[in-house]
Every structure is written in structure tokens, then in C-alpha cells.
Amino acid sequence: MRLLIFGATGMVGQGVLRECLNDARVDAVVTIGRAGSGRSDPRLQDIVLPDLFAAVRNESTLTGFDACFFCLGVSAVGMSQADYTRVTYDLTLAIAEPLARLNPGMTFIYVSGTGTNPHGRAMWARVKGRTEDALSALPFGAAYMFRPGFIQPLHGIVSKTGWYRAIYALTGRVAGPLGRAFPGLVTTTEKVGRAMISVARNGYRKPILENADINDAAMQN
């Protein structure tokens, strides 16, 4: 498989990239982001773009992929609806639309979040919901929305967001036992990565995957 990853330096993206590089079935991985991934592998190419809207200006960088794992995301805390919409809806669709045109049959996997709802009360949930709906309408081979809840970072991966790191530090010791007892509540960066590979290869029985579905798909990889 040839895979394209957006957001490989974030907590989720780091985990996804790790699992892709650990999987012998993956032939090549291209990351596009504002910084390099920091990983070294003969199958890996990092494309660094300070302005991610510029990714669509060179269509050759968006061509020839079996799947795209879109892990870009920002917290809505302190952001206006207009600013959050630009980096969540506008940027995602600006990239996804040419991807669907240039890669017939591509599987597109979008990292959303639990509670996403285009008619929800929270601003972020509505924007994410609109984004999901728009992606589902594009002519991809298949489009899947991952809606993880609590994600336990593994293998030294950390979030770049300070208050996320504080939460993980407080809950780290109980996340493992809690996840085993209640698989619908907790997943891990490792399982998210493995689930994406599995879904890209084999599909999944429904287009929206919550934590329990992500963990189930990871087991099938």
C-alpha cells in the first residue's frame, strides 16, 4: 500500500505513522505537514509546507495513493467559529477534493471526535459534523470517520497540547485497566494506527468508528 498522512507530528498522527512503518505490507508513506515527522525509514518521505493550503498547488504530490489518513486537528478552545472552520472544514476539504479526483478508489480516513454532530450544541461538534458530511459526499472509493474518545498515548508519544499532556499524566495509570474493562471508552495510539491500516486494506462494516469499533478493527489488522 502507498499511504498519505496529514498531521503526522500530532499525537494521533505519530501513532499512525509508527504503525505504518512497522507494517511490512506498507510499501511507501508520504507525510505532509508544517514540520517533518522526525522519523527515518527508506519507505518514508516527508513533505514540509508552512502553509498546508499549498499542498493542492502541486497535484503530483497528491497522486498515486491507496489511502489517506487525515490526522490534522486543533483544539477549539479559545478559537472563533470562523478560525476553527478554516483549519477544520476549509483545509480538510481543500485537500480532500483533489485527492478524490486524482486517486480513484482511494480510502480516506478522517480523525474526528466522539460527540461530533452537525446539529450539536458545541461549535466544534457542528464544524466536525459538517466536515464529515462533506467528506462522505466526495467520490472516494470509501470514506471512514474515526471518532475516538480517550486515546492513551503509547511508545513515548506525547501530545503537543499542554493541557492534554496534563490529563494523560493524571490518567495514565488507570487508562490501561479502564480500557480493558470498558473497551468502548478507551483506545490507544497503537490501536488507532493499526485500525486505520486494517480499514484501508479490508474496509469496515460501518463508516463511522467509535472507540469500540477502532479497537475491533485493530484486532483484525
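The values are calculated or read from the model by the stated rules, or taken from the named source; none is laboratory data. Every value quoted in this text rests on a predicted model; they were computed, and no experiment measured them. Heads up, the Cβs are rebuilt from the backbone with ideal geometry, glycines too, and the neighbour counts pull from every protein chain shown. Each accessible area value is taken on the protein alone, full model and side chains, heavy atoms only, with ligands, DNA and RNA left out. Shrake-Rupley method; radii C 1.70, N 1.55, O 1.52, S 1.80 Å.
Laid out as a table, the results:
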item	result
Answer from 145, 106, 79, 123 - the residue that is surrounded by 16 or more Cβ atoms within 10 Å (Cβ to Cβ) and more than 18 Å from the chain's Cα centre (by Cα)	79
All positions within the stretch 109-120 that are open to solvent by 20 Å² or more (accessible area, probe 1.4 Å) and closer than 22 Å to residue 186 by Cβ	114, 115, 117
Residue 48 vs. criteria of a type in the set (Val, Ile, Thr), under 25 Å from residue 113 (Cβ atoms) and modelled with pLDDT of 95 or more	no
Residue within the stretch 123-139 that is in contact with a Pro (Cβ under 7 Å, 6 or more places away or on another chain) and of a type in the set (A, V, I, L, M, F, W, C) present	no
Residue check, residue 188 at pLDDT below 95, within 16 Å of the chain's Cα centre (by Cα) and open to solvent by less than 60 Å² (accessible area, probe 1.4 Å)	yes
Contacts under 7 angstrom Cβ, first residue in the stretch 190-215 being in contact (Cβ under 8 Å) with a residue 12 or more places away in the chain and at positive phi, partner buried (at least 20 other Cβ atoms within 10 Å of the Cβ) and in a strand (DSSP E or B), 6 or more apart	none
Residue check for residue 129: in a loop (DSSP other than H, G, I, E, B) and open to solvent by less than 20 Å² (accessible area, probe 1.4 Å)	no
Test result for residue 134, open to solvent by less than 70 Å² (accessible area, probe 1.4 Å) and not in a strand (DSSP E or B)	yes
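Table: residues versus (1) modelled with pLDDT of 95 or more; (2) β-branched (Val, Ile, Thr); (3) in contact with a Cys (Cβ under 9 Å, 6 or more places away or on another chain).
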{"site": "96", "(1), (2), (3)": "yes, no, yes"}
{"site": "102", "(1), (2), (3)": "yes, no, no"}
{"site": "106", "(1), (2), (3)": "yes, no, yes"}
{"site": "109", "(1), (2), (3)": "yes, yes, yes"}
{"site": "114", "(1), (2), (3)": "no, yes, no"}
{"site": "129", "(1), (2), (3)": "yes, no, no"}
{"site": "135", "(1), (2), (3)": "yes, no, no"}
{"site": "142", "(1), (2), (3)": "yes, no, no"}
